[in-house]
């Protein structure tokens, strides 16, 4: 019995270990190659670099104009996510607490956006009419709009599990609707607000479709597109491309490690409760 | 308590307005413009009836194949991600497995990488001559398995689907793990007493009780697959010779060529199709929702 258990344990651990390796392998290859010299990185292998060249990173930062694109990415991701969190919490709060016919309609109408495709061709027309094309304001507004539906879904689901008695007590104590949102609503929602912030930050950071359509000026490009551009110029210098890739991923990797709990919670919350 | 006063609906108007202007309105406008000859060459837009739709469905152009590719991509990724998601979730909730949390995170990591980066990395790893995969296969003596993963017309779409599964399966696994953790342990204890083994427990308890979660996951996969753009653009950009082209990549290429009407027609077809599916799904889920 014990013997069988040990065999089972070895088999099952062997399988999962192999699977996990397959998933981090590409990341590992990129990391190793980012420290190699040009010749070594021509064939992407798992071999350790003969000499660890940290200067690759320095070169990339200087030649890839990474500061500018890093600043752009930061701007889009943080401003976009903060605005999403603030307006969607307010919306979800009233929609979830007062389920009138109109409010239910608004809710279902908006979460339809989780599934609907964005028509970038006509969105371009709207951007031109509103004079937002090729502007940083414009791209932030688009990011906010397209990420609202899933954010609403997550926050709404969270509010359904909050006891309404707290609100009632506050109202009896003479809270106005605005105070109720600011002093009761937002504080109660803070855990889910962190989740929504983190998920949106990563989504916006990683996106490249919107700048592809709506920003033709490379000085406004986020890091993802800058990498792509960099790749176009340094196509046969994979060590540099790998260093650039690592730098672009670094912020989201850090956030991922720090905020794992919130990400996993947010990903699984809505879908499990259904 | 006067709910209408306490929770003023206008608190939702900022979100609603943005959603309508930058998301819903373009969708509706797209359907309107699909009946025109809107393009970048001339400034006037004329009504042309169903001409654009005719062009797509007549089969004289490749568009019908792009729609087919989209459906194929959606169907296959739905299958692979769900199946592997369930397998990984069951394995990584098994008590005998060590460092479960760490391994879950390892499988989830591709999810936090940008599609563009995933595309670059895999284009390099799958390079037929210098790539990691073929070199690896050659070192272990499996030369015959080394293929032109992304440039072989017969393989390309399957390669893209595999990479997409690699990227997306962690997300589904996390959802399914949460579903498994929500199953009451009393079921397993009862089965234990009845002498059920691991496979029996999985088949008769875990899977049936996961049905609602699997349904949700399937919906997520469905809506993702139909709208896919990023992974295809990043890996093959529709090539070689349009064999991996899907609706949204062809929207982009029509858009770049200035054929706005055609781009918007393709996008409109997707819009209407997804609307219909969403309606059916919402209807099907309605009774469970306590409104």
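Against the definition (over 21 Å from residue B:77 (Cα atoms) and either modelled with pLDDT under 85 or part of a loop (DSSP other than H, G, I, E, B) (or both)), how does residue B:291 come out, yes or no? When the stated conditions are applied, residue B:291 passes them. Scanning the stretch B:37-48 for residues that are assigned to a loop (DSSP other than H, G, I, E, B), at pLDDT 85 or above and more than 14 Å from chain A (Cβ to nearest Cβ) gives a single hit, B:48. Of everything listed in (1) buried (at least 16 other Cβ atoms within 10 Å of the Cβ); (2) assigned to a helix (DSSP H, G or I); (3) at the interface with chain A (Cβ under 9 Å from one of its Cβ atoms), the single unmet condition for residue B:86 is (3). Just a yes or no: is a residue in the stretch B:151-158 at the interface with chain A (Cβ under 10 Å from one of its Cβ atoms) and surrounded by fewer than 23 Cβ atoms within 10 Å (Cβ to Cβ)? No: the stretch B:151-158 contains no residue that is at the interface with chain A (Cβ under 10 Å from one of its Cβ atoms) and surrounded by fewer than 23 Cβ atoms within 10 Å (Cβ to Cβ). Among the residues making up the stretch B:180-219, those that are closer than 15 Å to residue B:83 by Cβ and either touching a helix residue (DSSP H, G or I) at 6+ places or on another chain (Cβ under 7 Å) or part of a loop (DSSP other than H, G, I, E, B) (or both) are B:202, B:206, B:210, B:213, B:214, B:217, B:218. Exactly one residue out of B:241, B:225 is out of contact with any strand residue (DSSP E or B) (no Cβ under 8 Å at 6 or more places or on another chain) and modelled with pLDDT under 90, and it is B:241. Candidates in the stretch B:242-277 are the residues that are within 9 Å of chain A (Cβ to nearest Cβ) and either without any contact (Cβ under 8 Å) to a residue 12 or more places away in the chain or outside any helix (DSSP H, G or I) (or both); of these, the one that is surrounded by the fewest Cβ atoms within 10 Å (Cβ to Cβ) is B:275.
The residue that is surrounded by the fewest Cβ atoms within 10 Å (Cβ to Cβ), counting only those in the stretch B:95-114 that are in contact (Cβ under 8 Å) with a residue 24 or more places away in the chain and within 7 Å of chain A (Cβ to nearest Cβ), is B:109.
Looking across the stretch A:100-113, the residues that are at the interface with another protein chain (Cβ under 7 Å from one of its Cβ atoms) and under 26 Å from residue B:266 (Cβ atoms) come down to A:110, A:112, A:113.
Using the structure shown, decide if residue A:160 is closer than 30 Å to residue A:108 by Cβ and free of Cβ contacts under 8 Å to residues at least 12 places away in the same chain. Judged against the criteria, residue A:160 is not a match. Residue A:101 satisfies every condition listed in (1) under 28 Å from the mean Cα position of the chain (by Cα); (2) closer than 30 Å to residue A:156 by Cβ; (3) at pLDDT 90 or above except (1). Inside the stretch A:80-188, counting only helices (runs of 4 or more DSSP H) that do not spill past its ends, which hold 2 or more residues that are touching a strand residue (DSSP E or B) at 6+ places or on another chain (Cβ under 8 Å) and assigned by TED's automatic domain parsing to the domain that holds residue A:204? Those helices (runs of 4 or more DSSP H) do not exist here; none qualify.
Counting only residues that are loosely packed, with under 11 Cβ neighbours inside 10 Å, closer than 19 Å to residue B:137 by Cα and facing chain B (nearest Cβ under 9 Å), the stretch A:1-56 holds 0 of them. Of everything in the stretch B:123-142 that is at the interface with another protein chain (Cβ under 7 Å from one of its Cβ atoms) and assigned to a helix (DSSP H, G or I), the residue that is nearest to residue B:177 (Cα to Cα) is B:125. In the stretch B:1-36, the residue that is surrounded by the fewest Cβ atoms within 10 Å (Cβ to Cβ) out of those that are assigned to a loop (DSSP other than H, G, I, E, B) and more than 7 Å from chain A (Cβ to nearest Cβ) is B:2.
The values are calculated or read from the model by the stated rules, or taken from the named source; none is laboratory data. Quick caveat: nothing in here was measured; it's all calculated off a predicted structure. Every residue, glycine as well, gets a Cβ built from its backbone with ideal geometry; the counts of neighbours run over all protein chains shown.
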